[in-house]
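The next block holds one structure in the form of structure tokens; read it before the comments.
The values are calculated or read from the model by the stated rules, or taken from the named source; none is laboratory data. The model shown is predicted, which means the values in this text are computed figures rather than measured ones. When we count neighbours, we look across all protein chains shown, and the Cβ atoms used for this are built from the backbone with ideal geometry, even at glycine. Quick note on the areas: whole protein, heavy atoms, side chains included, nothing else; ligands and nucleic acids left out. Shrake-Rupley method; radii C 1.70, N 1.55, O 1.52, S 1.80 Å.
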Amino acid sequence: MEVLLHQIDAFADAPFSGNPAAVMPLPTWLPDTVLQQVAEENNLAETAFYTSRLPPEAGVPPGSWPAYHLRWFTPMTEVVMCGHATVAAAAHILCDIQPGEDRVSFFTHSGWLRVDRTDDDEYVLDLPAVASVPAEPDAALVAALGVEPVRVYSGADVVVVVDSERQVRELAPALSAFPKVQRGVVVTARGDEVDFVSRFFAPGVGVPEDPVTGSAHAQLAPLWSAELGRSRLTARQLSRRGGSLGVELVEDRVLLTGRCHRYLDGVVTLDF
């Protein structure tokens with residue numbers, strides 16, 4: 001069996017930046033064990049698999065534009081939300097499959113998500129905002145990060161707010177010493193040239209450091225919007241590759257804007 005593979009950098013300022021995702025269209029779902037093996041073989045933070053067949057629980061699609069069933073896998077596990085791989089899947093579909101359309105919806109473990117393509121060839125991802133609650137710093141995590149937090153929040157991820165962009169940029173955490181968390185750890189601060197910066201670590205799900213994490217910004221957006229008193233913000237993730245996002249909080253949704261750059265198109269041969 002042959003399956004197409006498209007590797008696309010999402011939230012990328014230029015080639016070789018942003019977060020690379022593998023996008024793999026399927027005629028129908030393969031066994032979960034095979035999907036996980038393929039994601040492990042791809043060895044990217046996320047592999048996005050999609051089909052045009054919607055499951056019964058999807059109900060009626062939210063509009064007349066194209067709609068697909070989308071799932072995401074890290075090299076270790078399936079996840080319930082992923083931003084950059086959703087944007088990458090949309091870029092592939094709107095360029096290759098539905099070039100006459102500028103909107104696509106995906107039914108996912110996080111419900112219906114939507115991506116729009118702008119006239120300026122940017123992609124706008126609509127995600128549910130993720131709530132946070134103040135939390136006490138975990139001593140083991142603070143020691144592993146090697147930086148003193150200003151405050152800490154718990155939610156889908158642990159959010160650690162620190163004093164400065166420099167602390168975020170120079171962070172060298174001991175990932176092997178991370179305590180168990182629900183998914184990952186976001187370290188964030190006010191930015192020098194953008195509104196806020198961050199880095200994201202999730203060694204427990206096979207992603208030591210993610211280059212640009214859309215889903216983490218669904219949690220960061222409400223926090224920084226409240227902190228800065230504005231609903232529209234600019235953000236940058238300070239990984240080695242780096243990536244930029246426009247962030248807007250609209251009631252209980254977060255809109256993330258960025259660009260995509262295609263790296264490769266290929267064919268995967270599966271024998272099972």
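Can you confirm whether ARG199 is over 20 Å from VAL115 (Cβ atoms) and outside any strand (DSSP E or B)?
Values: over 20 Å from VAL115 (Cβ atoms): yes; outside any strand (DSSP E or B): no.
Criteria not met by ARG199.
Considering only residues that are open to solvent by 10 Å² or more (accessible area, probe 1.4 Å) and among the β-branched types (Val, Ile, Thr), look in the range 188-206 and name the one that is farthest from ARG253 (Cα to Cα).
VAL205
Select from the range 154-170 the residues that are assigned to a loop (DSSP other than H, G, I, E, B) and within 21 Å of the chain's Cα centre (by Cα) and write down the one among them that is surrounded by the most Cβ atoms within 10 Å (Cβ to Cβ).
Ranking the qualifying residues of the range 154-170, first place goes to ASP157.
Just wondering, is there one or more residues in the range 65-72 that are in contact with a strand residue (DSSP E or B) (Cβ under 7 Å, 6 or more places away or on another chain), part of a loop (DSSP other than H, G, I, E, B) and more than 16 Å from ALA10 (Cα to Cα)?
First pass over the range 65-72, keeping only residues in contact with a strand residue (DSSP E or B) (Cβ under 7 Å, 6 or more places away or on another chain): 65-72.
Remaining after also requiring part of a loop (DSSP other than H, G, I, E, B): 65-66.
Of the ones still in play, those that are also more than 16 Å from ALA10 (Cα to Cα) are 65-66.
Scanning the range 65-72, I find at least one residue that is in contact with a strand residue (DSSP E or B) (Cβ under 7 Å, 6 or more places away or on another chain), part of a loop (DSSP other than H, G, I, E, B) and more than 16 Å from ALA10 (Cα to Cα), so the answer is yes.
What is the number of the single condition among (1) of a type in the set (Val, Ile, Thr); (2) more than 20 Å from PRO61 (Cα to Cα); (3) surrounded by fewer than 15 Cβ atoms within 10 Å (Cβ to Cβ) that VAL79 does not meet?
Result: VAL79 passes all but (3).
Counting only residues that are open to solvent by less than 70 Å² (accessible area, probe 1.4 Å) and part of a strand (DSSP E or B), which one in the range 219-235 is farthest from ILE8 (Cα to Cα)?
LEU233
Those residues that are part of a strand (DSSP E or B) and open to solvent by 60 Å² or more (accessible area, probe 1.4 Å), I need them from the range 236-249; list them, please.
ARG236
Considering (1) open to solvent by less than 10 Å² (accessible area, probe 1.4 Å); (2) closer than 20 Å to ARG183 by Cβ; (3) among the hydrophobic types (A, V, I, L, M, F, W, C), say which one ALA12 fails and leave the rest.
(2)
Quick test for you: out of SER176, SER215, pick the one residue that is assigned to a helix (DSSP H, G or I), of a type in the set (Ser, Thr, Tyr) and crowded, with 20+ Cβ neighbours inside 10 Å.
Going through SER176, SER215 in turn, just one is assigned to a helix (DSSP H, G or I), of a type in the set (Ser, Thr, Tyr) and crowded, with 20+ Cβ neighbours inside 10 Å: SER215.
More than 28 Å from ASN42 (Cα to Cα), outside any helix (DSSP H, G or I) and either open to solvent by less than 10 Å² (accessible area, probe 1.4 Å) or among the β-branched types (Val, Ile, Thr) (or both), is that true of THR257?
No; evaluated as a whole, the condition is false for this residue.
Exactly one condition in (1) modelled with pLDDT under 95; (2) among the hydrophobic types (A, V, I, L, M, F, W, C); (3) more than 14 Å from LEU270 (Cβ to Cβ) is not met by ALA12; state its number.
(1)
Identify the single condition in (1) part of a strand (DSSP E or B); (2) in contact with a Gly (Cβ under 6 Å, 6 or more places away or on another chain); (3) hydrophobic (A, V, I, L, M, F, W, C) that MET76 does not satisfy, given that it satisfies every other one.
(1)
Could you grab me the full set of residues in the range 70-84 that are out of contact with any Asp or Glu (no Cβ under 8 Å at 6 or more places or on another chain) and touching a residue at least 40 places away in the same chain (Cβ under 8 Å)? Can you show your working first?
As a first pass, look at the range 70-84 and keep what is out of contact with any Asp or Glu (no Cβ under 8 Å at 6 or more places or on another chain): 70, 77, 80-81, 83.
Matches in the range 70-84: LEU70, THR77, MET81, GLY83.
In the range 136-153, is there at least one residue being open to solvent by 30 Å² or more (accessible area, probe 1.4 Å) and in a strand (DSSP E or B)?
Yes, the conditions are met somewhere in the range 136-153.
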